[in-house]
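The values are calculated or read from the model by the stated rules, or taken from the named source; none is laboratory data. What you are looking at is a predicted structure, and each value in this text was computed from that prediction instead of being measured. Virtual Cβ from ideal backbone geometry, glycine too; neighbours counted across all protein chains shown.
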Amino acid sequence: MGETLQNLMLGFSVALQPSVLVYAFVGCIIGTLVGMLPGLGPLAGISLLLPATFGLNPIISVVLLAGVYYGAMYGGSTTSILMRIPGEAASVMTCIDGYAMTQQGRAGPALAIAAIGSFIAGSVGVVGLMLMAPTLAAFALRFGPPEYTALLMLGLFVLSYLSGGSMLKTLASAAIGLLLGMIGIDAMSGYTRFSFGLIELGDGVGIVPVAVGLFGVSEILLTAGQDSVPSVQRPRLRSLIPTGHDLKVSIGPIARGSLIGFIIGIIPGSAHIISSFVSYGIERRIAKHPERFGKGAIEGVAGPESANNAAATGAFVPMMALGIPTSPITAVMIAALMVHGITPGPTMIQDQPELFWGFVASMYVGNAVLLILNLPLVGVFVNLLRIPYAYLYPCILAFCILGCYSVSNSTVDVWIMLIMGGLGYVLRRFGYDLAPIALGLILAPMLELSVRQSLAMSAGDYTIFLQRPLTLGMLVLGLVVLFFSLKPLFSKKGKDWRSEVGLEDEPPPEAAPQSKP
Amino acid sequence: MADAVTTAPARGLRNDQASGLVLLLLAIFIGWQNRSYPLGSLQEPGPGYVPLMLAVFLGAIGVLIALRGTRAQPVRDMKWPEAPRAVVILIACGIAAYALERLGYRITIFAFLVFFLGVVERKKWYSVLIVSTGFALLSFLLFDTVLKVQLPTGPWGY
């Protein structure tokens, strides 16, 4: 504990440097805007900012991008509550009761509780990250290729289980992502695969054009043509103060949401989205008067908003400790660090303590900045929502082209972005989940390498995966998860928890076209 | 599985059947492309091994989706109201990608925005000019000059 505090002090000495502080602040503002704007989610926002971080030092890069990530979580809730448009997909659940509160003239308390819940959950998440990541990293030092193989397999199975919608379609998306990850030079044999004669594809398909295409461009293709500016309530500062009763009934949901969100955040998948669904389902289930949900219950805002923020932080645990991205967003952040020659993984926390602890401390600062910034300035931010979409989407598209081109100064990345945009648009129309594609792309080379290294270690003996207790345990767990995920295909009896918490339901119809990961 | 379950009698191809078959065709194409890479053996997989396994997996999933898609919405009933606009957007972005290194960032983005705001959205000419010029110049200033992200310049230095 003493060592942790000492390290945290080191972190604060980094995070409170004026330059880091400024970038944390800038990241939070950009994130809030990105979260509010239709057509730009945290993933596309972070991907587009990635090239801008190449000239910065690694600490500032990761602090800036993390600021965008959790800033977007805050921003998304504002549009959900005020307009019933989730700025990002994790805010879909907030729409239901948040907007009902707005209709009852209680937008202020809803926004305040969302911000307070996010702040508390974010802080709880950072404490969890601080305590868990170094321990997990120390443990993971014992991991060899077979353990990584089992862990990655487990991650993919959990992802397929937790994703909303059809299981088969999720598995198909994951397979498409894994196949995209096969493009480029094979690390073990030197063969260039599926490059179709393009030298630029030798290094593989980058996560940035894929993420921007799938989540940014496809969103615009789906929503372009809408020109109506919805009416927006501008809450007054005085109305933002929640009543004592509001605070009292929100404490429980915030606490539960923080805990659930953090735990789900560690597990692979679109954690921040799933966590808000699970939290809403649990709050509705344990409420004394569940019929209030959907009609402006403040618990329905407090729980999901806390959960998605805690999950956003929880996702950094496997990223920092194991070097494994559990969501497309952390995958882009890993790419940001790798540009600077830093590979996240078990040794990073020891080798780069100022980076890890500076990052942790900056998240404390960022959470405080967001609370201070967002509540009083919410009236200013909502002005952005008055800009007609006809002006916004061409500018967002121009940013997408700019961002993708500048990753490696190549128009091939812009073409990949456009192909992915078209593919994402069609897949969404056919009900396919896009997040597994981005995650599969990142995990594919890791998975293939670890499988082949494992087999090289054992001279081709597959029992290597059964002889090591940790590997065996993870594989068995993975198979159990796979069994449960495929169970609905064979049995129609009973409902599993997914449908009970709403994961198998479609988002509210008004919300669906505008939501994005 | 069924996105929009209909009670109407089956007629024509369902959307899940169509997407499942496309996935199967994609898997066959990947398997065909993969034939030039050595497969290796089960004990020592070569560069073609994992892609082939994934293609087989994708194909199998595609078949399952198609088989279970009998109650999904018929393809002919799917509405694509935004499709014409989406095609215009993709073509315009493609032209911009082609022009980016030939004309330079600022000219390309200016023309790109003028097309969308002026031609597609039919906004007033002065607001088109202000937004297009402002965006092209300010984004170049921010990214190229301040953040040192190299952006292409064309033969006229823009």
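Values for this structure:
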quantity: Residue under evaluation A:ALA297, criteria (1) modelled with pLDDT of 85 or more; (2) assigned to a helix (DSSP H, G or I); (3) closer than 19 Å to A:TYR99 by Cα, criterion not met; calculated: (2)
quantity: Qualifying residue in region B:69-82 (condition: more than 30 Å from A:ALA390 (Cβ to Cβ), in a loop (DSSP other than H, G, I, E, B) and either facing chain A (nearest Cβ under 7 Å) or touching a Cys at 6+ places or on another chain (Cβ under 8 Å) (or both)); calculated: no
quantity: Test for B:LEU138: is it over 22 Å from the mean Cα position of the chain (by Cα), surrounded by fewer than 18 Cβ atoms within 10 Å (Cβ to Cβ) and within 8 Å of chain A (Cβ to nearest Cβ); calculated: no
quantity: From A:LEU439, A:LEU470, A:LEU447, A:LEU392, residue being modelled with pLDDT under 90, under 25 Å from the mean Cα position of the chain (by Cα) and more than 11 Å from every other protein chain (Cβ to nearest Cβ); calculated: A:LEU439
quantity: Of all residues in region B:1-35 being of a type in the set (Ser, Thr, Tyr) and modelled with pLDDT under 90, the one that is surrounded by the most Cβ atoms within 10 Å (Cβ to Cβ); calculated: B:THR6
quantity: Those residues of region A:405-417 which are crowded, with 23+ Cβ neighbours inside 10 Å and either at the interface with another protein chain (Cβ under 9 Å from one of its Cβ atoms) or among the acidic types (Asp, Glu) (or both), in sequence order; calculated: A:TYR405, A:SER406, A:ASP413, A:VAL414, A:MET417
quantity: Verdict on B:ALA86 being at pLDDT 90 or above, farther than 30 Å from A:LEU447 by Cα and among the hydrophobic types (A, V, I, L, M, F, W, C); calculated: yes
quantity: Subset of region B:9-42 [in contact (Cβ under 8 Å) with a residue 60 or more places away in the chain and either farther than 19 Å from A:LEU427 by Cα or more than 8 Å from chain A (Cβ to nearest Cβ) (or both)]; calculated: B:ALA10, B:ARG11, B:GLY12, B:LEU13, B:ARG14
quantity: Failed item, numbered, when A:GLU147 is tested on (1) within 22 Å of the chain's Cα centre (by Cα); (2) assigned to a helix (DSSP H, G or I); (3) not small (Gly, Ala, Ser); calculated: (1)
quantity: Selection status of B:THR108, of a type outside the set (A, V, I, L, M), exposed (fewer than 14 other Cβ atoms within 10 Å of the Cβ), touching a helix residue (DSSP H, G or I) at 6+ places or on another chain (Cβ under 8 Å) and more than 7 Å from chain A (Cβ to nearest Cβ); calculated: no
quantity: The one condition in (1) modelled with pLDDT of 90 or more; (2) at the interface with chain A (Cβ under 7 Å from one of its Cβ atoms); (3) more than 21 Å from the chain's Cα centre (by Cα) that B:PRO45 fails to fulfil; calculated: (1)
quantity: Check on B:LEU129, over 20 Å from A:GLY55 (Cβ atoms) and either surrounded by fewer than 19 Cβ atoms within 10 Å (Cβ to Cβ) or more than 8 Å from every other protein chain (Cβ to nearest Cβ) (or both); calculated: yes
quantity: Test for A:GLU305: is it under 17 Å from the mean Cα position of the chain (by Cα) and either farther than 18 Å from A:PRO58 by Cα or crowded, with 24+ Cβ neighbours inside 10 Å (or both); calculated: yes
quantity: Check on B:LEU138, part of a helix (DSSP H, G or I) and over 25 Å from B:LEU90 (Cβ atoms); calculated: yes
quantity: Selection count, region B:141-158, where residues are under 24 Å from A:TYR391 (Cα atoms), more than 12 Å from chain A (Cβ to nearest Cβ) and not hydrophobic (A, V, I, L, M, F, W, C); calculated: 1
quantity: Qualifying position, being closer than 30 Å to A:LEU427 by Cα and not in a helix (DSSP H, G or I), among A:MET188, A:MET153, A:MET182; calculated: A:MET182
quantity: Verdict on B:LEU113 being assigned to a helix (DSSP H, G or I), among the aliphatic types (A, V, I, L, M) and more than 7 Å from chain A (Cβ to nearest Cβ); calculated: no
quantity: Residue in region A:248-255 that is touching a helix residue (DSSP H, G or I) at 6+ places or on another chain (Cβ under 7 Å), modelled with pLDDT under 80 and away from chain B (no Cβ under 14 Å) present; calculated: no
quantity: Residue in region A:473-482 that is touching a helix residue (DSSP H, G or I) at 6+ places or on another chain (Cβ under 7 Å) and modelled with pLDDT under 85 present; calculated: yes
quantity: Unmet requirement for B:GLY154, which otherwise passes all of (1) in the same structural domain as B:CYS93 (by TED's automatic domain parsing); (2) under 28 Å from the mean Cα position of the chain (by Cα); calculated: (1)
quantity: Any hit, region A:202-213, residues being in a helix (DSSP H, G or I) and touching a strand residue (DSSP E or B) at 6+ places or on another chain (Cβ under 6 Å); calculated: yes
quantity: Candidate set from region B:50-83 (those that are β-branched (Val, Ile, Thr) and within 30 Å of A:ALA224 (Cβ to Cβ)); member that is surrounded by the most Cβ atoms within 10 Å (Cβ to Cβ); calculated: B:ILE65
